[in-house]
Amino acid sequence: MIEIVAALVRNARGHVLLVRKRGTESFMQPGGKREPGERDLDSLARELREELGCDVVPGTTRKLGVFEAPAAHEPGQRVRATIYVASLAGDIACQAEIEEYTWVDPREPCDTPLAPLTRDTILPLALSLEDAVQAL
């Protein structure tokens, strides 16, 4: 099992931030593996800074849960992701292993190649959060 922590980041239009690592095809949430002894939010902040040059806005994170899916780039492996909603501060810039980022409408991801966790869990979760806010 590949253990990661990742962020569900949305813009004002409700689109979800996704990244694609160098040498891969599928887009997924920004985030990554924890360092030994690292807490979730510390890991998430470090990964977002390393991958996108952004900081997490203090007080904007909220744990959504822990979800599993087939790993996108490791055949036969599974990923277990602890997902947090987060807002970012600063300009997004691809850094480290990130080749590309995009904003995807969770209602119409079109032909964007998506990691299984993103396609089957994260985008539907983003829609359910949007629907919950609209119901208030």
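Structure notes:
- Hey, residue 18 at pLDDT 95 or above, within 14 Å of the chain's Cα centre (by Cα), closer than 20 Å to residue 116 by Cβ and surrounded by 16 or more Cβ atoms within 10 Å (Cβ to Cβ) or not: yes
- Where residue 40 falls short, out of the listed (1) surrounded by fewer than 21 Cβ atoms within 10 Å (Cβ to Cβ); (2) of a type in the set (Asp, Glu); (3) more than 14 Å from residue 83 (Cα to Cα): (3)
- Condition met for residue 89 (touching a Pro at 6+ places or on another chain (Cβ under 6 Å) and either surrounded by 21 or more Cβ atoms within 10 Å (Cβ to Cβ) or hydrophobic (A, V, I, L, M, F, W, C) (or both)): no
- Qualifying positions in region 51-67 - closer than 18 Å to residue 2 by Cβ and surrounded by 15 or more Cβ atoms within 10 Å (Cβ to Cβ): 51, 67
- In this entry, residue 124 is excluded by the filter for residues that are touching an Asp or Glu at 6+ places or on another chain (Cβ under 9 Å) and either of a type in the set (Ser, Thr, Tyr) or within 18 Å of residue 15 (Cβ to Cβ) (or both).
- Candidate set from region 1-15 (those that are part of a strand (DSSP E or B) and either over 12 Å from the mean Cα position of the chain (by Cα) or among the aromatic types (Phe, Trp, Tyr) (or both)); member that is surrounded by the most Cβ atoms within 10 Å (Cβ to Cβ): 2
The values are calculated or read from the model by the stated rules, or taken from the named source; none is laboratory data. Just so it is clear, the model here is predicted, and its values are computed rather than measured. Cβ sites come from the backbone with ideal geometry, for glycine too, and all protein chains shown count toward neighbours.
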